[in-house]
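Peer 1: I am attaching a structure below and will ask some questions about it afterwards.
The values are calculated or read from the model by the stated rules, or taken from the named source; none is laboratory data. This structure is a prediction, so every number in the text was calculated from the model and none was measured. In this analysis, Cβ positions are derived from the backbone assuming ideal geometry, glycine residues included, and neighbour counts consider all displayed protein chains. To get the accessible areas, we keep the full protein, side chains included, count just its heavy atoms, and leave off ligands, DNA and RNA. Shrake-Rupley method; radii C 1.70, N 1.55, O 1.52, S 1.80 Å.
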Amino acid sequence: MSSPRTLRIDIWSDVMCPWCLVGWGSLQKGLELLDGEIEADVRWHAFELNPDMPAEGEESAAHIARKYGSTPEQSKAVQGRMREAAQGAGVSLDYEGPDPEPQRWMWNTFDAHKLLTWAGEQFGPEKQTELKLALFKAHFNERRRIADHQVLIDIAESVGLDRSEAQAALMSEDLAHKVRAEESAAWDLNITGVPAMIVENKFMIPGAQPPEAYADALRRVAAKIPA
């Protein structure tokens with residue numbers, strides 16, 4: 001049996017984005033369908049859904065109503081579809097804390113992206129993915145304030161990263177420039193929504209797709225790229 005092909009997948013995403021978590025789960029299921037055929041080398045890149053979000057954040061329902069003009073009934077219907085898609089992708093958007101469910105809030109994610117950029121540069125793509133998934137969990141399942149530096153440092157520590165190094169990363173202007181460069185690169189690539197996955201620097205898979213769509217797309221890319 002031949003060794004699996006490894007394809008590089010660059011994912012632009014935001015930890016505030018439910019469809020990004022759904023897309024990740026579906027991608028994993030798509031890779032399971034390709035077991036023994038294709039593996040993924042995943043790198044995460046910065047995209048802010050709400051770059052102007054103030055530090056104090058905004059309650060989610062109010063934010064959606066303001067940004068999209070949605071009624072409460074429309075928002076509830078969309079959330080229902082997202083939960084159904086999440087279940088199909090094997091991920092969860094639901095609160096899993098011990099206390100009564102708190103309000104859902106939207107936060108500024110620029111500093112979270114700084115941590116992700118640092119983790120990828122210093123510790124590699126697997127640790128970056130581990131941190132990304134921990135940030136998703138903190139936001140969707142634990143409803144933590146992921147714009148807060150202490151919360152971000154705690155999350156970094158939870159995946160084995162050093163607290164003092166994480167603090168330094170959050171204060172780094174160099175990392176801030178790198179995050180802005182990644183966001184500029186997204187616009188250069190005509191990425192206006194996330195998730196957006198670019199395979200082998202050539203082929204884009206936009207949005208959250210079903211597992212079979214990811215499997216088919218990766219198989220087509222592998223056929224076009226010399227082994």
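Peer 1: Quick one: putting +1 on the C-beta of Lys and Arg, -1 on the C-beta of Asp and Glu, what dipole do you get for the chain around its Cα centre, in Debye to the nearest 20?
Peer 2: 620
Peer 1: Further, regarding this structure: Mind telling me which of T129, T192, T117 comes out most flexible in a GNM of the chain, alpha-carbon contacts under 10 Å?
Peer 2: Answer for the Gaussian network model of the chain: T192.
Peer 1: I need the shape label for the stretch 27-148. Rule: rounded when a/c is under 1.5, else prolate if a/b > b/c, else oblate, with a, b, c from the alpha carbon gyration tensor.
Peer 2: Values: a/c = 1.94, a/b = 1.32, b/c = 1.47.
Cα axes put the stretch 27-148 in the oblate bin.
Peer 1: Would you work out the relative contact order for the stretch 88-175, in percent, from Cα pairs under 8 angstrom that are 6 or more residues apart? Present the calculation step by step, with values, prior to reporting the outcome.
Peer 2: Details: 81 pairs, mean separation 29.1, N = 88.
Computed value for the stretch 88-175: 33 percent relative contact order.
Peer 1: When you count, for each residue, the other Cβ atoms within 10 Å and take the mean per peptide, how do 78-87, 95-104 rank with the highest first? Intermediate values should be presented prior to the final figure.
Peer 2: Details: 78-87: 14.6, 95-104: 9.9.
Highest-to-lowest ranking by the protection proxy: 78-87, 95-104.
Peer 1: At what distance in angstrom do the alpha carbon centres of the stretch 1-61 and the stretch 200-219 lie from each other?
Peer 2: For the stretch 1-61 versus the stretch 200-219, the Cα centre distance is 11 Å.
Peer 1: Hey, any idea what % of the chain's accessible area is carbon plus sulfur with a 1.4 Å probe?
Peer 2: Values: 5800 of 11480 Å².
That fraction is 51 percent.
Peer 1: A further question on this structure: Bin width 10 Å, origin at 0, all Cα-Cα pairs of the stretch 145-227: what percent of pairs per bin?
Peer 2: Pairs per bin, as whole percents: 14, 28, 28, 25, 4.
Peer 1: So, one more: Enumerate by residue number the GluC sites (Glu not before Pro) in the stretch 1-72 meeting two conditions: DSSP loop (anything except H, G, I, E, B), and at most 10 other Cβ atoms within 10 Å of the site's Cβ.
Peer 2: E56
Peer 1: Right, another one. Can you find, among Q79, F110, V159, the residue farthest towards the positive end of the dipole of the stretch 69-224? Put +1 on the C-beta of Lys and Arg, -1 on that of Asp and Glu.
Peer 2: Checking the options against the dipole of the stretch 69-224, the answer is Q79.
Peer 1: I've got another one for you. Using the Cα centre of the chain as origin and beta-carbon charges of +1 (Lys, Arg) and -1 (Asp, Glu), tell me which of A147, G207, F47 is placed farthest towards the positive end of the dipole.
Peer 2: G207
Peer 1: Compute a Gaussian network model of the chain, connecting alpha carbons closer than 10 Å, and tell me which residue from A46, A166, A65 fluctuates the most.
Peer 2: So, out of A46, A166, A65, the one fluctuating most is A65.
Peer 1: Let me ask something else about it. If the elastic network links every pair of Cα atoms under 10 Å, which of A119, A156, A61 fluctuates the most in the Gaussian network model of the chain?
Peer 2: For the chain, modelled as a Gaussian network with Cα springs under 10 Å, the answer is A61.
Peer 1: Let me ask something else. What value, in deg cm²/dmol to 500, does the helix sum -39500 (n - 2.57) over DSSP H runs of n ≥ 4 give at 222 nm once divided by the residues of the chain?
Peer 2: Theoretical 222 nm ellipticity from helices: -16500 deg cm²/dmol.
Peer 1: Can you give me the relative contact order of the chain as a percent, contacts being Cα pairs under 8 Å and 6 or more apart? The partial results should precede the final answer.
Peer 2: Details: 345 pairs, mean separation 76.6, N = 227.
34 percent.
Peer 1: Greater than 31 Å separation of Cα atoms is the criterion. Which listed pairs, K67/K132; K114/K224; K67/K224; K127/K202, meet it?
Peer 2: K114/K224; K67/K224
Peer 1: Excluding ligands, DNA and RNA, what is the solvent-accessible area per residue of the chain at a probe of 1.4 Å, expressed in Å²?
Peer 2: 51
Peer 1: Sticking with this one: What length, rounded to one decimal in nm, is gained on full extension from E212 through to D174, with 0.36 nm per residue of separation minus their alpha-carbon distance?
Peer 2: Details: separation 38, 0.36 × 38 = 13.68 nm, distance 3.95 nm.
Length gained between E212 and D174: 9.7 nm.
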